[in-house]
Amino acid sequence: MTKYTEHVDKAAGRIRLAYEQAGALADGPPMLFVHGASCDRSHFEPQFSFFAGAHPVASLDLRGHGESDCPDPAIPGAYEVETFADDVLAVADAAGFDRPIVVGHSLGGLVALACATRPDTVRAAVLVDPAPMLDEKFKQVFADTTDDIAADEDGSFRRDFITNAVPPTDTHRREEIINGFASLPPAIAAANWRAITAFDAASALAKTEVPLLALYARTPEPGLRAYPNITLGQTVGSGHFNQLQVPTQVNAMTARFLETTLK
């Protein structure tokens, strides 16, 4: 069942956020799931259901997505990684979660990392095929295509872009993912792109003291190995949406990470 919470955002004013919650009787540490750009909370359904047996869980729609409010992307700061992180922590408070494990996919992975930089806020973060953090060439791809995204009124550019990240072997929800990626208002989709390119992940990684897990569908970014508190993993047989295509792998590796790091 959808729940709602509101908080006052420093950029856009009062924001209403949609989320769902389960696992109230579970005794493990709470987990909060954060989807990626142009997605919604259903993109973590396999993990939400799996972990609800042992953990209180919640999954939200980021601002501009799903059932949450959509502030005007022309408002400075309305769509930034740190602003998204404020929303995530507001939902954590509304759900009654004390220092949750934040699990984020793609853009949501950067948001999870931003949450992890804030002292005494989260106990760990899991980044599921995160958007580029240290790979400047990959980040430049997002910078170079932002104007194309903003002008993509018919969604054709975005369909072509995401199709390259969803190989033909990724059959689960394939058409829904592609069409959904193209359905967000172009101005909001472009604001998400700017958030990815503007986020200083290197500084965030350097400030983070809680355990991190990054689960890539491709080879992990090599520069991440320089950070001692991050564990790197790679799933097999999936494109960018590995939490949907190979959920048993993502679930098992996440569960083992929590078992071995949160003692």
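The values are calculated or read from the model by the stated rules, or taken from the named source; none is laboratory data. Worth saying up front: this structure is predicted, and the values here are computed from it rather than measured. Counting neighbours? That spans all protein chains shown, and the Cβs are built from the backbone with ideal geometry, glycine included. For the accessible areas, the whole protein counts, side chains as well, though only heavy atoms, and no ligand, DNA or RNA atoms are used. Shrake-Rupley method; radii C 1.70, N 1.55, O 1.52, S 1.80 Å.
So which residues in the stretch 98-149 are among the β-branched types (Val, Ile, Thr) and free of Cβ contacts under 8 Å to residues at least 12 places away in the same chain? Working first, answer last.
Going through the stretch 98-149, the residues among the β-branched types (Val, Ile, Thr) turn out to be 101-103, 111, 117, 121-122, 126, 128, 141, 145-146, 149.
Passing the criteria: only VAL141.
Looking for something more than 22 Å from SER42 (Cβ to Cβ) and in a loop (DSSP other than H, G, I, E, B) - is there at least one such residue anywhere in the stretch 82-94? Break it down stepwise before answering.
Kept after step one, since they are more than 22 Å from SER42 (Cβ to Cβ), are these residues of the stretch 82-94: 82-83, 86, 93.
If we keep only those that are in a loop (DSSP other than H, G, I, E, B) as well, we get none.
No, the conditions are met nowhere in the stretch 82-94.
Filter the stretch 1-17 down to the residues that are farther than 28 Å from LEU262 by Cβ and touching a strand residue (DSSP E or B) at 6+ places or on another chain (Cβ under 6 Å), then identify the one that is most open to solvent (accessible area, probe 1.4 Å). Give the steps one after another, and end with the answer.
Of all residues in the stretch 1-17, those farther than 28 Å from LEU262 by Cβ come to 1-2, 4, 6, 8-16.
Within this subset, residues satisfying the condition of being touching a strand residue (DSSP E or B) at 6+ places or on another chain (Cβ under 6 Å) are 2, 4, 6, 8-9, 14-16.
Numbers: THR2: 44, TYR4: 97, GLU6: 100, VAL8: 100, ASP9: 7, ARG14: 149, ILE15: 3, ARG16: 89 Å².
The selected residue is ARG14.
Here are the criteria: (1) closer than 21 Å to VAL111 by Cα; (2) of a type in the set (Val, Ile, Thr); (3) open to solvent by 10 Å² or more (accessible area, probe 1.4 Å). Tell me which single one ILE196 does not satisfy.
(3)
Taking the stretch 235-263 only, how many residues are closer than 25 Å to ASP170 by Cα and not in a helix (DSSP H, G or I)?
8
Kindly indicate whether ALA131 is of a type outside the set (Val, Ile, Thr), in a loop (DSSP other than H, G, I, E, B) and within 27 Å of LEU32 (Cβ to Cβ). Lay out the reasoning, then the answer.
On the way: of a type outside the set (Val, Ile, Thr): yes; in a loop (DSSP other than H, G, I, E, B): yes; within 27 Å of LEU32 (Cβ to Cβ): yes.
Criteria met by ALA131.
Hey, any hits in the stretch 169-176 for a residue that's surrounded by fewer than 15 Cβ atoms within 10 Å (Cβ to Cβ) and of a type in the set (D, E, K, R)? Even if it seems obvious, please write down each step before you answer.
Of all residues in the stretch 169-176, those surrounded by fewer than 15 Cβ atoms within 10 Å (Cβ to Cβ) come to 169, 171-172, 175-176.
Retained after the next criterion (residues that are of a type in the set (D, E, K, R)): 175-176.
Checking the stretch 169-176: at least one residue is surrounded by fewer than 15 Cβ atoms within 10 Å (Cβ to Cβ) and of a type in the set (D, E, K, R).
Among what's in the stretch 191-234 and is out of contact with any Pro (no Cβ under 9 Å at 6 or more places or on another chain), without any contact (Cβ under 8 Å) to a residue 24 or more places away in the chain and in a loop (DSSP other than H, G, I, E, B), pick the residue that is farthest from ALA131 (Cα to Cα).
Checking each candidate, the answer is PRO228.
For the stretch 3-28, how many residues meet the condition of being over 27 Å from TRP193 (Cβ atoms) and touching a Pro at 6+ places or on another chain (Cβ under 7 Å)?
The number of residues fulfilling the criteria is 3.
Any residue at all in the stretch 106-119 that is open to solvent by 10 Å² or more (accessible area, probe 1.4 Å) and under 12 Å from the mean Cα position of the chain (by Cα)? It would help to see each step written out before you state the result.
If we filter the stretch 106-119 for residues that are open to solvent by 10 Å² or more (accessible area, probe 1.4 Å), which is where we start, we get 106, 117-119.
So of that shortlist, the ones also under 12 Å from the mean Cα position of the chain (by Cα) come out as 106.
Yes: one or more hits.
Do you know which of the residues in the stretch 19-41 that are over 12 Å from the mean Cα position of the chain (by Cα) and of a type outside the set (A, V, I, L, M) is most open to solvent (accessible area, probe 1.4 Å)? Before you say what the answer is, go through the steps one by one.
Residues of the stretch 19-41 over 12 Å from the mean Cα position of the chain (by Cα): 19-31.
Next cut, of a type outside the set (A, V, I, L, M) only: 19-21, 23, 27-30.
Values: TYR19: 10, GLU20: 51, GLN21: 60, GLY23: 17, ASP27: 149, GLY28: 17, PRO29: 37, PRO30: 16 Å².
Top of the filtered list is ASP27.
Is it the case that the stretch 156-177 has a residue that's outside any helix (DSSP H, G or I), hydrophobic (A, V, I, L, M, F, W, C), in contact with a Lys or Arg (Cβ under 9 Å, 6 or more places away or on another chain) and modelled with pLDDT under 95?
In the first step, residues of the stretch 156-177 are kept if they are outside any helix (DSSP H, G or I); the result is 164-173.
Then keep just the ones that are hydrophobic (A, V, I, L, M, F, W, C); that gives 165-166.
This time we only want the ones that are in contact with a Lys or Arg (Cβ under 9 Å, 6 or more places away or on another chain), so: 166.
After this cut, where a residue has to be modelled with pLDDT under 95 as well, the list is 166.
Looking through the stretch 156-177, at least one residue is outside any helix (DSSP H, G or I), hydrophobic (A, V, I, L, M, F, W, C), in contact with a Lys or Arg (Cβ under 9 Å, 6 or more places away or on another chain) and modelled with pLDDT under 95.
Which condition does LEU134 not pass, out of (1) modelled with pLDDT of 95 or more; (2) touching a Gly at 6+ places or on another chain (Cβ under 7 Å); (3) farther than 30 Å from PRO211 by Cα; (4) surrounded by fewer than 20 Cβ atoms within 10 Å (Cβ to Cβ), if it passes all the others?
If we test LEU134 against (1) modelled with pLDDT of 95 or more; (2) touching a Gly at 6+ places or on another chain (Cβ under 7 Å); (3) farther than 30 Å from PRO211 by Cα; (4) surrounded by fewer than 20 Cβ atoms within 10 Å (Cβ to Cβ), just (3) comes out false.
Please go through the stretch 13-45 and give me each residue that is part of a strand (DSSP E or B) and charged (D, E, K, R), ordered by number.
Residues satisfying the conditions are ARG14, ARG16, GLU20.
Within the bounds of the stretch 219-231, is there any residue that is surrounded by 22 or more Cβ atoms within 10 Å (Cβ to Cβ) and out of contact with any strand residue (DSSP E or B) (no Cβ under 8 Å at 6 or more places or on another chain)?
Of all residues in the stretch 219-231, those surrounded by 22 or more Cβ atoms within 10 Å (Cβ to Cβ) come to none.
The answer is no, given that none of the residues of the stretch 219-231 is surrounded by 22 or more Cβ atoms within 10 Å (Cβ to Cβ) and out of contact with any strand residue (DSSP E or B) (no Cβ under 8 Å at 6 or more places or on another chain).
Going through the stretch 236-250 one residue at a time, which ones are surrounded by fewer than 24 Cβ atoms within 10 Å (Cβ to Cβ) and touching a residue at least 40 places away in the same chain (Cβ under 8 Å)?
Going through the stretch 236-250, the residues surrounded by fewer than 24 Cβ atoms within 10 Å (Cβ to Cβ) turn out to be 236-240, 242, 246-249.
Matches in the stretch 236-250: GLY237, SER238, GLY239, HIS240, ASN242, PRO247.
State the number of residues belonging to the stretch 9-45 that are at pLDDT 95 or above and among the aliphatic types (A, V, I, L, M).
8
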